[in-house]
Structure formats: structure tokens, C-alpha cells
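The values are calculated or read from the model by the stated rules, or taken from the named source; none is laboratory data. This one's a predicted model, so the numbers in the text were calculated from it and none came from an experiment. Note that each Cβ is placed from the backbone with ideal geometry, even for glycine, and that neighbours are counted across all protein chains shown.
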């Protein structure tokens, strides 16, 4: 898949994944605890935005506190969220993390996936232009005459473009669900929505024979004949399905009752 987990390797240099969840702060920093976002003294004042805050417990209720001076609407900045630890593939939340922060972990991840797909498309378009510039006139003419010929890069582009569109739609859908549900229901309703989307994709002729059974544990009749499948349409389906399935895995990770080993 063009948007597989392997290609989305987050930059976890801020130390988030090394955080010791068992020593949650009571509002003060423990001297022996490594703080996410720590930098050498020479760099500490260079960019305060790299600090990621800390978990604190008040009266047995876990809260996330942003660094001092962080805007109240920080989570609405999708560009920043996409580059934050909340978007990390390896993000694990502690037991008792608030539902709103679990939603944030999904939303930031979706923003990062959208960003990565944009970057991938930019690189492919550049490569496509470079290849076209180096084709001689005879090669270009043969390609034009071959009406049914599809350039390999066009197929890859189609997959990334479909994935990008799907991530944008899924991001908008998450925000829509959040407008009509409390934090505790958002990811539950969103998971149902993703199931419906997978069911729709299962009706496409490009879907593998066992797709519905393997993903939804049911069988679904296809709506179109297999003859309509083309390399481009199959690539587009791969992009759509990959985005939805990865999003469902992200939701399941963020709603896991305990931190994964």
C-alpha cells in the first residue's frame, strides 16, 4: 500500500515514547525524571515550542498540562498537531487518559497522514516531470499513440491522491462526529462510521474476494462487474482502503484500555 505503516515513521526525538507513565507528576517535576522535549542547555532557549508538557494527577484524575504559554486552542492547529508527539505511530496513552485526549491522538495522526500523502505526491509529481523532460520526441509520440498505456508513476500517484482525499474526508468526519457527541462517545461513533465506510469499499469491484469477510466478518455483494477494473481504479481503491483500515487501527489503539506493551 502506498500509505503503509512502514512509510509513516514519526520523529520521536522529543522523548515522548521514553516517558515513564508510572511516575506521573503531581504537578511538580521529579528531579530524576526525563522530561519530554528536553534539549541540551545550549539549545533549550532556541525553540520553546518543542516542549510537550506533562501528565499530572489531581485528586486521582489524570490531566495533560501543556507548557506554559501554550495557546488554549493548540489542538486546533492541525499543522502543528501533525508534527507533534500526538501524531506519533507509537503514541501510547496511560490508563485513565481523558477521552478528549484519545480523540486528539486520532485527529493529530490523521493530520500527519494527510501531510505525508501530500509530501509523497509532491515527490512523485517532480519525478514524473523529470522523466517527461528526458523523453525524446519518438518516445513521447509512442506514448501518446498508446491510448491504453498507463504510466507506472500515474498508478502510484492515483493511489496517493485517493489516500489523501480519504484522509481529508476522515478528518472532517471526525470533527463532525465530535460536534454531535460528548468526548466519551466520539471514537465509538467514529469506529461505527469507519465500519460503514469499509462496507462501502467492499462492494467495489476492486475489492479482494475476502475483503468483507476478513475486515467485517461478513459477506457483501459487489455492485459492479469485475470488467470495470483498471490499473488506475485498483490503485485508487488501494489508497482509499488503506487509509480507512489504518485509521480504524489508530482508533483501536487510542481506545485500548491499557497501554500496549
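Being in a helix (DSSP H, G or I), within 29 Å of residue 91 (Cα to Cα) and touching a residue at least 40 places away in the same chain (Cβ under 8 Å) is a condition met by no residue of segment 219-232. Residues that are surrounded by fewer than 19 Cβ atoms within 10 Å (Cβ to Cβ), over 18 Å from the mean Cα position of the chain (by Cα) and in a helix (DSSP H, G or I) within segment 193-214 comprise 196, 199, 200, 213, 214, listed in sequence order. Consider segment 95-140 and keep the residues that are surrounded by fewer than 16 Cβ atoms within 10 Å (Cβ to Cβ) and outside any helix (DSSP H, G or I). The one that is modelled with the highest pLDDT is 98.
Across segment 215-241, the number of residues qualifying as closer than 29 Å to residue 104 by Cα and either in contact with a strand residue (DSSP E or B) (Cβ under 6 Å, 6 or more places away or on another chain) or buried (at least 19 other Cβ atoms within 10 Å of the Cβ) (or both) comes to 7. Please determine whether any residue of segment 58-75 is under 30 Å from residue 161 (Cβ atoms), surrounded by 14 or more Cβ atoms within 10 Å (Cβ to Cβ), in contact with a helix residue (DSSP H, G or I) (Cβ under 6 Å, 6 or more places away or on another chain) and at pLDDT 50 or above. Among the residues of segment 58-75, at least one is under 30 Å from residue 161 (Cβ atoms), surrounded by 14 or more Cβ atoms within 10 Å (Cβ to Cβ), in contact with a helix residue (DSSP H, G or I) (Cβ under 6 Å, 6 or more places away or on another chain) and at pLDDT 50 or above, which makes the answer yes. Return the residue satisfying two criteria in turn: it lies in segment 183-192 and is farther than 29 Å from residue 222 by Cα and either surrounded by 15 or more Cβ atoms within 10 Å (Cβ to Cβ) or touching a residue at least 60 places away in the same chain (Cβ under 8 Å) (or both), and of such residues it is nearest to the chain's Cα centre (by Cα). By that ranking, first place goes to 186. Restricting segment 242-261 to residues that are surrounded by fewer than 17 Cβ atoms within 10 Å (Cβ to Cβ) and at pLDDT below 95 leaves a set whose member that is nearest to residue 163 (Cα to Cα) is 256. Residues that are over 15 Å from the mean Cα position of the chain (by Cα) and part of a helix (DSSP H, G or I): does segment 237-255 have at least one? The answer is yes; a qualifying residue exists.
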